[in-house]
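All remarks here apply to the structure that follows.
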Amino acid sequence: MLAYIIRRMLIMIPTLIAISIISFTIIQLPPGDFLTTYVAQLSASGEGIDQAELDALRHRFGLDQPIYVQYFQWVWNFVRGDFGHSFEWNKPVRSLIGERIALTILISTCTLLFTWIVSLPIGIYSAVRQYSWMDYFLTFFGFIGLATPNFLFALILLWFSYAYLGMSIGGLFSPQFIEAPWSFAKFIDLLKHLWIPVLIVGTGHTAKFIRIIRGNLLDELKKPYVTTARAKGLSETKLILKYPVRVAINPLVSTIGWTLPELISGIAITAVVLNLPTSGPLLLSALMSQDMHLAGSFIMILSILTVIGTLISDILLAWVDPRIRFGARESA
Amino acid sequence: MVPALDVRDLRVHFLLDEGTVRAVDGVSFSVEPGKTLGIVGESGSGKSVIGQSILRIVPSPGKIVRGEILLRMENGQGEPTQLDMAQIESHGRLARSIRGKEIAMIFQEPMNSFSPVHTVGSQIVEALRLHADVSPQEARNRTVEMLKKVGIPQPEHRIGAYPHELSGGMRQRAMIAMALVCNPRILIADEPTTALDVTIQAQIIDLLKKLQEEFGMAILFISHNLGVISEISHEVLVVYFGRVMEHAPVDVLFREALHPYTKALLRSVPGIDTPVRSHLATIEGTLPDPYANIPGCPFFGRCMECEGRTVCRDDPYSLTKVGPRHFVACPRICVADFA
C-alpha cells in the first residue's frame with residue numbers, strides 16, 4: 001500500500017510540470033500582455049502614458065525577458081510560495097486569493113459531503129425498491145435537479161427568499177461581518193449563509209450521483225454473491241449495505257478527483273449570481289484583463305487541487321477495493 | 001422414519017405481465033439424512049427454482065403457490081417435528097435462522113459467489129457467527145479447520161485471501177467450507193461443478209461424498225450433467241418443464257429408465273465407446289413455451305415413442321409407481337387402456 005502511494009505521488013510530478021507549462025501557455029496565448037490592456041484602458045479614459053514609463057513597468061514585471069525566462073521565473077517563484085503580483089489590483093496575488101481559495105475549498109467540501117449524504121440513501125432506496133412509486137418520485141425530482149442550471153436555481157432562490165421571506169441570501173457573510181476579522185460570531189454567520197450555495201451547487205451533482213448509485217447497485221444486486229449472502233441467513237438490510245453497496249460505491253470513489261474541479265468551476269457562475277467571495281469571479285476578471293500572475297496562480301492552484309483530489313480518490317479506491325490494491329485483474 | 005426434508009406437491013409460479021410461468025408445478029420428493037438426491041434436467045426445467053424455494057430465496061416475482069416443504073426439526077426430546085418452510089415468512093427471523101444453519105447452499109459460479117471486496121475468510125466467519133455464539137477467535141479457528149477439511153492448503157494463510165487470489169477449484173472448496181461451517185443437515189448444491197474443469201469436478205464430487213460421510217447431511221444435488229449425477233446420487237429425480245418425469249434409485253434409472261425423456265437424455269450422453277466423429281444424439285425440438293399451461297405430458301411433441309397419440313396430450317399429468325421406489329409419469333406406460 002505504501003509503495004503504491006509513493007508511486008502515485010512520483011507520477012504527480014511530471015503531471016504538475018505539464019500542467020504548469022500548459023497554464024503558462026494559455027495565459028500567454030491572447031495577443032499582447034497586461035500592459036497593452038492597461039494602455040488601452042488609459043487611452044480610453046483620455047489619459048496618456050509615455051514610452052519610458054511603459055518600458056520601466058515592462059522591465060519591473062519582467063515582461064521584456066524571453067518567454068522561457070518568464071516561465072522559469074514564474075515557476076521558481078511559485079514553488080517558493082511567491083505567486084507574483086497582480087497588475088490589476090496592484091497587490092501580491094497571495095493576499096488576494098488566500099481567503100478565496102479557502103472559502104472555495106470549504107464550499108466544495110461541504111457540497112461534496114452534502115451530495116454523498118443525500119444521494120447515497122436515496123440511490124440505495126431507488127435501486128432496492130426499483131419501479132416503486134417512491135423510486136419514480138425520486139427519479140422525477142432527480143432529473144429536475146439534473147436539468148436545472150445552477151445559476152437559474154440560484155436566481156429563483158434569490159428571488160423567492162427576497163420576495164417571500166424578506167431576506168437577502170447573497171454573499172457568504174452578513175454586511176457587518178464582511179470586513180471583520182475572523183471570530184466565532186463570524187463563523188456562525190458563515191454557516192448561516194453556507195447552505196445556500198451548497199444546496200444550489202449540490203443539487204445537480206446529487207441527482208447525478210443518485211442515478212449512478214442506482215444503476216451500479218441494480219447491477220450488483222443481481223450478482224450471485226448477493227444470493228450467497230442471503231443463503232447464509234443475513235438479514236436483507238444488512239446484506240445489501242455490506243455487500244452490493246460496498247461494491248457499487250467504488251466507481252463513485254474514483255470520481256472524487258474530478259468532482260473537485262467540477263464543483264469549483266460549477267461554483268463560478270453561481271458565485272457571480274450569489275455574489276460569493278470565492279475564486280470563480282476573481283479568476284474570470286483576471287482572465288479578461290490578462291492579469292497574468294493572478295490568473296496563472298489560480299489555474300495552477302486549481303490544477304494542483306485536482307491532482308491531489310485524484311490522488312486521494314486513487315488511495316481511497318485502493319483502500320476499498322482489494323482488486324486494485326494488489327494490482328490484480330478481475331478474472332471474469 | 002421422518003425424512004430430513006419432505007417436499008410435497010410444490011408449485012412455484014412466476015406471475016409476470018406476459019402470463020404465468022409455472023417454474024415448478026407439482027414436485028414431490030424426500031431425502032433421508034446421509035443420502036443424496038440428484039435433480040437432473042435441462043436449462044429452464046425449473047430445477048434451480050426447487051433449490052431456491054426450499055431456502056425461501058426464490059427471486060421476485062416467484063411465489064410458492066401451493067405445496068409443503070417439511071423440514072425435520074429436532075426439539076431435543078427425541079421426537080422430531082416438521083416445520084413447513086413454505087408457510088414461514090421468507091425474510092423473517094425464523095427463515096433466516098434456518099438458512100445457512102439447517103439448510104445451506106452452494107452455487108454454480110465460484111467466481112462471483114463470493115463478494116470480491118471481502119476476504120474469503122471473513123465471509124465464512126460471518127456465516128458461522130450469524131448462527132453460533134462464538135468469539136471472533138473461536139470462529140477464526142473453526143474456519144481454518146473447515147478450510148483444511150475441504151482440502152485448501154495453508155488454510156491459516158488462505159483465510160485472508162480475496163476471491164480473486166484463489167483458483168476456481170479453490171473457490172468452490174471455500175464455498176463448500178462456508179456452506180458446511182455451521183454443520184447443516186441439508187446441503188443444496190446447485191450445479192456446483194458446472195463451471196469447473198473435469199478433473200476438478202471429480203475432486204469436488206469426491207470431497208462432497210467424503211464430507212457427507214463425515215457430517216451425515218442430506219444433499220440435494222442439482223445438475224444437468226448425468227455423469228456427475230450418477231457419481232454422487234442415491235436417488236434421481238428427472239425434471240422437465242417443472243414436473244417430475246421419473247423418480248428412481250440411481251442404479252435403476254441408469255439401467256432400466258422407463259420414461260422416453262429419461263431415455264433420450266441418457267442417449268445424448270457420449271460414452272467412451274461412442275465412435276469418433278459420429279453425431280451426438282440430441283433431443284429434437286425445444287422446451288415448450290414457458291407461459292403455456294399444459295395439462296398432459298409436457299414432453300408431448302418431442303417424444304419419439306408416443307407417435308402423436310392424443311392420450312399423451314390429454315391425459316392429466318400424474319406420477320405412477322411402477323416398481324419399488326420407482327415412479328414414472330408417462331401415459332404410454334401408466335395408462336391402462338393406452339392404444
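Points to keep in mind about this one:
- Applying the set (1) out of contact with any Ser or Thr (no Cβ under 9 Å at 6 or more places or on another chain); (2) closer than 29 Å to B:G38 by Cβ; (3) modelled with pLDDT of 90 or more; (4) among the β-branched types (V, I, T) to B:I219 leaves exactly one unmet item: (1).
- Considered as a group, the residues in the range A:289-332 that are within 14 Å of chain B (Cβ to nearest Cβ) and modelled with pLDDT of 80 or more include one that is farthest from the chain's Cα centre (by Cα), and that residue is A:P322.
- All conditions but one from (1) assigned to a strand (DSSP E or B); (2) without any contact (Cβ under 8 Å) to a residue 40 or more places away in the chain apply to B:G76; the one that does not is (1).
- Failed condition for B:T262, given (1) in contact with a strand residue (DSSP E or B) (Cβ under 9 Å, 6 or more places away or on another chain); (2) loosely packed, with under 15 Cβ neighbours inside 10 Å; (3) outside any loop (DSSP other than H, G, I, E, B): (2)
- Residue count for the range B:53-73 satisfying the condition of being outside any strand (DSSP E or B) and in contact (Cβ under 8 Å) with a residue 60 or more places away in the chain: 2.
- The condition of being buried (at least 19 other Cβ atoms within 10 Å of the Cβ), outside any loop (DSSP other than H, G, I, E, B), touching a helix residue (DSSP H, G or I) at 6+ places or on another chain (Cβ under 7 Å) and aromatic (F, W, Y) holds for only one of B:F254, B:F221, that being B:F221.
- Qualifying residue in the range A:200-211 (condition: part of a helix (DSSP H, G or I), within 13 Å of another protein chain (Cβ to nearest Cβ) and crowded, with 24+ Cβ neighbours inside 10 Å): no
- Restricting attention to the range B:1-44, the residues that are in contact (Cβ under 8 Å) with a residue 40 or more places away in the chain, assigned to a strand (DSSP E or B) and closer than 20 Å to B:D251 by Cα add up to 7.
- Among the residues of the range B:120-132, those identified as more than 8 Å from chain A (Cβ to nearest Cβ) and either in contact with a Pro (Cβ under 8 Å, 6 or more places away or on another chain) or not polar (S, T, N, Q) (or both) are B:V120, B:G121, B:I124, B:V125, B:L128, B:R129, B:A132.
- Of all residues making up the range A:29-46, the number that are exposed (fewer than 15 other Cβ atoms within 10 Å of the Cβ) and assigned to a helix (DSSP H, G or I): 6
- Being in a helix (DSSP H, G or I) and under 20 Å from B:R142 (Cβ atoms) is true of B:A174.
- Of all the listed residues (A:Q70, A:Q65), the sole one being more than 31 Å from the chain's Cα centre (by Cα), surrounded by 13 or more Cβ atoms within 10 Å (Cβ to Cβ), at pLDDT 80 or above and of a type in the set (S, T, N, Q) is A:Q65.
- Number of positions in the range A:212-253 that are away from chain B (no Cβ under 14 Å) and surrounded by fewer than 20 Cβ atoms within 10 Å (Cβ to Cβ): 2
- Top-ranked residue of the range A:100-147 - restricted to ones that are surrounded by fewer than 17 Cβ atoms within 10 Å (Cβ to Cβ) and among the polar types (S, T, N, Q), ranked as farthest from A:G215 (Cα to Cα): A:T109
- Residue, farthest from B:L180 (Cα to Cα), within the range B:83-97, restricted to residues that are within 12 Å of chain A (Cβ to nearest Cβ) and either touching a residue at least 60 places away in the same chain (Cβ under 8 Å) or surrounded by 15 or more Cβ atoms within 10 Å (Cβ to Cβ) (or both): B:S90
- Tallying residues that are assigned to a helix (DSSP H, G or I) and either in contact with a Ser or Thr (Cβ under 6 Å, 6 or more places away or on another chain) or over 23 Å from B:Q201 (Cβ atoms) (or both) within the range B:121-170 yields 23.
- Count - residues of the range B:98-119 that are farther than 14 Å from B:I176 by Cα, of a type in the set (A, V, I, L, M) and facing another protein chain (nearest Cβ under 7 Å): 1
- Figure legend. Inter-residue proximity from the range A:61-83: first residues in contact (Cβ under 8 Å) with a residue 24 or more places away in the chain, second residues not in a loop (DSSP other than H, G, I, E, B), beta-carbon distance below 6 Å, spacing 6+ or different chains. Indicated pairs: A:Y71/A:F24; A:V75/A:S20; A:F83/A:V93; A:F83/A:R94; A:F83/A:S297.
- Being part of a helix (DSSP H, G or I), away from every other protein chain (no Cβ under 14 Å) and touching a residue at least 40 places away in the same chain (Cβ under 8 Å) holds for only one residue in A:F137, A:F143, A:F187, A:F160, and it is A:F143.
- No other residue among B:V276, B:V238 is surrounded by fewer than 19 Cβ atoms within 10 Å (Cβ to Cβ) and among the aliphatic types (A, V, I, L, M) apart from B:V276.
- Options A:R7, A:R58; residue that is surrounded by fewer than 11 Cβ atoms within 10 Å (Cβ to Cβ) and either basic (K, R) or in the same structural domain as A:S285 (by TED's automatic domain parsing) (or both): A:R7
- When residues in the range A:1-33 are screened for being in contact with a Ser or Thr (Cβ under 7 Å, 6 or more places away or on another chain) and either modelled with pLDDT under 75 or among the aliphatic types (A, V, I, L, M) (or both), 1 of them pass.
- Some residue of the range B:101-120 being part of a helix (DSSP H, G or I), modelled with pLDDT of 90 or more, of a type outside the set (K, R) and over 23 Å from B:V7 (Cβ atoms): yes
Condition check ((1) in a strand (DSSP E or B); (2) more than 25 Å from B:I229 (Cα to Cα)) across all residues:
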| site | (1), (2) |
| --- | --- |
| B:D273 | no, no |
| B:S278 | no, no |
| B:T286 | no, no |
| B:P290 | no, yes |
| B:I294 | no, yes |
| B:S318 | no, no |
| B:K321 | yes, no |
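- Whenever a residue of the range B:230-243 is closer than 15 Å to B:L266 by Cβ, its partners that are modelled with pLDDT of 95 or more and among the hydroxyl-bearing types (S, T, Y), lying with C-beta atoms within less than 7 angstrom and at least six residues away or across chains, give the pairs B:S233/B:T36.
The values are calculated or read from the model by the stated rules, or taken from the named source; none is laboratory data. Because the structure is predicted, anything quoted here is derived from the model rather than measured. Neighbour counts run over all protein chains shown; Cβ positions are idealised from the backbone, glycine included.
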